[in-house]
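Okay, structure first, notes after.
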Amino acid sequence: MGVYTREQLLDSGIGRSGIDRRVRSGTLVRLLPCVYADRDPSYYELCVAVTVWRGDAVLSHLSAAWLWGMLDTTPTQVHATLPRNTRVSGPDWLTLHRRSVDTAEARGLPVVPAAQCFVDAAATMSGTPLEQIVDRSVGTVVSWREAVDHCERSAGMTGVREVRRQLRQCCPGTLSEPERMVARALTARGIRMEINAWVGRYLCDLVDNCARVIVEIDGREFHSDSRTFDNDRTRQNSLVLDDWLVLRFSAATVYRDIERVADQIAAVVRRRRKSRGV
């Protein structure tokens with residue numbers, strides 16, 4: 001693993017002076033009291049070091065979210081939670097929290113349950129980063145019902161109110177950030193469309209069956225070659241002939257003007273629903 005306690009190093013025959021020499025030379029790095037690692041430890045090894053240092057430490061907040069697979073990027077800080085009455089401090093790369101927590105396991109390490117990661121994240125971040133964690137993880141890492149039940153059990157904890165709001169507005173199942181942005185913006189306007197739903201033999205990005213509206217978000221690969229272009233025209237013609245209205249937006253347009261895109265889609269869906277008597 002590359003993480004060692006002082007006792008392990010001594011048992012291996014290195015000796016106290018040998019440990020000191022290796023630390024001075026940079027062969028070993030002292031991470032925490034009596035905990036060492038090989039040169040340039042990874043983020044995972046830093047997480048291991050915390051649990052080796054303190055047997056009562058539970059990895060939490062963004063560290064737990066990373067271990068649960070909720071994040072695309074690696075956090076810059078390791079977060080761990082200790083019992084309330086603990087009086088210790090850590091180095092600059094370690095943020096310590098103190099409270100009572102339940103313990104689960106992810107990637108072989110003690111972590112807070114996945115649903116608690118939502119609450120921790122909501123207490124420390126907002127906006128798109130928080131939305132991405134919830135949308136990415138609901139239905140994959142943790143079920144919607146499990147997250148709701150956890151909020152009920154944790155009523156009063158900082159972040160719970162925001163998690164409840166996120167769960168009401170979440171759009172799990174999107175396959176790209178532009179799709180997620182459009183789905184979220186439409187939900188905020190009271191329009192919920194099915195995400196990555198089948199219409200006949202075609203998988204479509206966003207679908208409203210009542211209005212018979214399909215929304216497609218085209219990435220850079222849309223015009224990548226003539227065969228892709230021709231197949232897409234065949235697909236669109238088939239849907240239009242079956243009385244579907246297909247709205248297309250480029251990913252660049254979504255990033256540049258999400259509000260205008262969402263307003264246009266919402267207006268079309270409402271008008272089509274009304275004309276169809278839905």
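Roughly how many nanometres apart are two label points built 7 Å out from the Cα toward the Cβ at Arg24 and Asn209?
7.5 nm
Based on alpha-carbon atoms only, what is the radius of gyration of segment 163-278 relative to the globular estimate 2.2 N^0.38 Å?
1.06
Which whole number in µm²/s is D for segment 108-175 by Stokes-Einstein, with the Kirkwood Rh taken over Cα pairs at 20 °C and 1.002 mPa s? Each step should come with its number before you reach the end.
Details: Rh = 11.9 Å.
The Stokes-Einstein estimate is 181 µm²/s.
Would you grab the residues whose amide H sits under 5 Å from the one on Thr81? Only those 5+ places off in sequence or on another chain, please, with H modelled 1.01 Å from N.
Val58, Leu59, Ser60, His97
Report the normalised scattering of the chain as log10 I(q)/I(0) at q = 0.10 Å⁻¹, calculated by the Debye formula with identical scatterers on the alpha carbons.
With one equal scatterer per Cα and no solvent, log10 I(q)/I(0) is -0.68.
Return the FRET efficiency for the residue pair Asp56, Arg168: r is the Cβ-Cβ distance, R0 is 30 Å, and the value is rounded to the nearest 0.05.
Details: r = 35 Å, r/R0 = 1.18.
In this case the efficiency is close to 0.25.
In nm, give the distance between the simple-model label positions of Asp72 and Leu175, each being 7 Å from the Cα along the Cα-to-Cβ direction.
Here the answer is 1.7 nm between the modelled labels.
Would you please give the FRET efficiency between Val148 and Asp242, computed as 1/(1 + (r/R0)^6) with r the Cβ-Cβ distance and R0 = 35 Å, to the nearest 0.05? Working shown, then result.
Details: r = 37 Å, r/R0 = 1.06.
Rounded to the nearest 0.05, the efficiency is 0.40.
For the chain, what is the calculated [θ] at 222 nm in deg cm²/dmol (nearest 500), taking -39500 (n - 2.57) for each run of four or more DSSP H residues and dividing by its residue count? Mind showing how you got there, number by number?
On the way: 12 runs with 128 residues, N = 278.
Calculated from helices alone, the mean residue ellipticity at 222 nm is -14000 deg cm²/dmol.
State to the nearest 20 debye the size of the charge dipole of segment 55-169 about its Cα centre, where the only charges are +1 on K and R beta carbons and -1 on D and E beta carbons.
Details: 12 positive and 12 negative charges, 63 e Å.
For segment 55-169, the charge dipole is close to 300 debye.
Can you grab the distance from the C-alpha centre of segment 207-278 to the C-alpha centre of segment 161-199, Å, no decimals?
16 Å
Need one number: nm distance between label points at Arg256 and Thr5, each 7 Å from Cα along Cα→Cβ, rounded to one decimal.
Label at Arg256, label at Thr5, 6.0 nm between them.
Using the Karplus curve 6.51 cos²θ - 1.76 cosθ + 1.60 with θ = phi - 60°, work out ³J(HN,Hα) for each residue of segment 17-31 in order, rounded to whole Hz, and write x for Gly and Pro.
5, x, 4, 4, 4, 5, 5, 5, 7, x, 5, 10, 10, 7, 8
Express in % the proportion of alpha carbon pairs of segment 1-41 at distances exceeding 14 Å. If you can, show how the numbers build up before the last one.
Values: 303 of 820 pairs.
Considering segment 1-41, 37 percent of its Cα-Cα pairs are separated by more than 14 Å.
Rule-based calculations on the coordinates, nothing more; no lab input. Since the model is a prediction, treat every value here as computed from it, not as a measurement. So basically every Cβ, Gly included, is an ideal-geometry build from the backbone, and we count neighbours across all protein chains shown.
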